[in-house]
Structures are given as C-alpha cells and as structure tokens.
Amino acid sequence: MASFNKFKNVLMLAFDWILYGAGVAGHCQVTVAQPRFQQVDSSMNVSLPCSFSASGCSSPQPEVLWFRFLTSTHQGLCTPGCTDHQKYKVHSSGNNILLQIKDLTEDDSAVYICGIAFSDSSPLSKQTGDGTVLTVTGSGKQLSHGKLISMIIASTLLFLYSSAVLISFVVYKLKPKLQKKSGKDQTTENCKINSGRKIFQAIAQELQKQRYAQHQQQPEDLEDDTVYQNR
C-alpha cells in the first residue's frame, strides 16, 4: 500500500511536468471515481470505467491519462496517446471515461489508474482515482470448471447404472418366490373348485335317491286305494 501511495505521488508530479507552464491561476477542483474491483475471463474484452467531476476549471475538456501499476513497477498506457492502439483504446463521453482492453491474458491483471488533468495551475486541477484492481482468470480455471461438469455427469450416469443393476438383482431374487406363490394360489383355487364339485355331486346324488324312493312308494299307494274301493 505504501508503494502504491508513492506511485500516486509520482503521477501527480508527472501531471505537473506534462502541463508545466500551460496553467492559469484559478481554483479548479477535480474529483475522480473508479470501481475498486473487476473480474473478467481471458476470452473476453473489458472496459474499465472512470468518471470525474470538475468545478472552477477554465479548460472545457481535460487530458485523460491511464496508468497500470504492477507488483514493483508502473506503466503509462495512455498519456494521453496509447502505447498500443491495438490493445488499448480510450472512449470519452462527457465526464465518463472508458479504457477498453482487448486480447486479455493473465498478465493483464493489475491496478489500473485513471488520471484527469486540467491545464489550470491549481493543485486540485490534476487528480487520479483510487484505481481498479483487474483480475483476469485464465483458461486453466475454465478447464477445471469443465472437469467438474464432466465429473457430475459421470457420477450421475454411474448412479443410474447402479440403480438399474440393483433393481435387476432384486427382481431376479424375488421371481422364484413370486412364481411359487402363484403356483400355491393356483393349487388352492383348484382345490376349492374340486371341493365345490364334490359337494354338488353329493347333493345331486341325494336328490336322485329321494326321487327314486318316492317313485317306488307310488305303486303301493295306488294298490291300497284300489283294495279299499273294492271293499
């Protein structure tokens, strides 16, 4: 943090050197705001925002400068012209500034500082933001994410396969018992049917015997009646 604050002081001196002799006495005051953190994938482009407000400044438009602070050094990216026009590009719209960075790599992870400098001689006419910490994630993390998805799919398929094997095993074990139970039920049903038939036959035989007995008694009764009439 101490080295970062020292770097900001160096930037202020750089602003004074860039605009030395061009200032006019006044009470110009500038404040600069930047987001503290931003994370992006290396397969994408990024635009770092910066906004400022100014009061009492004579110049209508300030100079916009961008710097990059690494672990032990700093680089001037756009001061105000960009060192690499293919990779860096500054877009301005009123008090809103964007630094567009293309072809990101993990080496682009750094603290990006936006500076606004009016030509006024007031000490507050040249200010920097607190910086945006840009974190670029590489393809290795994407690969890890892809491996995680593959592991989830593989574990799901393994679970389904194990469930199918378990169900097949249970059915195989229970099939003889089910067949045996079905055979017993069929035997019981057959026994019930045979018992019903035997009972029906017994009843039919009993009725037949009764009818036969009644048939045998009828001639005797007729004979008795004839004898009685003759008398």
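The values are calculated or read from the model by the stated rules, or taken from the named source; none is laboratory data. Quick caveat: nothing in here was measured; it's all calculated off a predicted structure. Cβ coordinates were reconstructed from backbone atoms using ideal geometry, including for glycine residues, and neighbour counts include every protein chain displayed. We work out accessible area using only protein heavy atoms, side chains counted, and drop any ligands, DNA or RNA first. Shrake-Rupley method; radii C 1.70, N 1.55, O 1.52, S 1.80 Å.
Filtering region 69-118 to residues that are touching a residue at least 60 places away in the same chain (Cβ under 8 Å), closer than 29 Å to SER55 by Cβ and of a type in the set (Ser, Thr, Tyr) leaves THR79, TYR112.
Does SER109 satisfy the criteria of being modelled with pLDDT of 75 or more, over 40 Å from the mean Cα position of the chain (by Cα), open to solvent by less than 60 Å² (accessible area, probe 1.4 Å) and hydroxyl-bearing (Ser, Thr, Tyr)?
Numbers: modelled with pLDDT of 75 or more: yes; over 40 Å from the mean Cα position of the chain (by Cα): no; open to solvent by less than 60 Å² (accessible area, probe 1.4 Å): yes; hydroxyl-bearing (Ser, Thr, Tyr): yes.
No; evaluated as a whole, the condition is false for this residue.
Could you check region 22-135 for strands (runs of 3 or more DSSP E) lying wholly inside it with 3 or more residues that are hydroxyl-bearing (Ser, Thr, Tyr) and out of contact with any helix residue (DSSP H, G or I) (no Cβ under 9 Å at 6 or more places or on another chain)? Full working, then the answer.
Values: elements: 29-33, 37-41, 46-55, 63-69, 74-78, 88-93, 96-101, 110-117, 126-128.
Qualifying strands (runs of 3 or more DSSP E): 46-55, 88-93.
Can you tell me which residue among SER155, SER162, SER168 is open to solvent by 70 Å² or more (accessible area, probe 1.4 Å), small (Gly, Ala, Ser) and modelled with pLDDT under 90? Among SER155, SER162, SER168, only SER168 is open to solvent by 70 Å² or more (accessible area, probe 1.4 Å), small (Gly, Ala, Ser) and modelled with pLDDT under 90. Got a number for residues in region 42-99 being open to solvent by less than 40 Å² (accessible area, probe 1.4 Å), among the charged types (D, E, K, R) and out of contact with any strand residue (DSSP E or B) (no Cβ under 6 Å at 6 or more places or on another chain)? Within region 42-99, residues that are open to solvent by less than 40 Å² (accessible area, probe 1.4 Å), among the charged types (D, E, K, R) and out of contact with any strand residue (DSSP E or B) (no Cβ under 6 Å at 6 or more places or on another chain) number 1.
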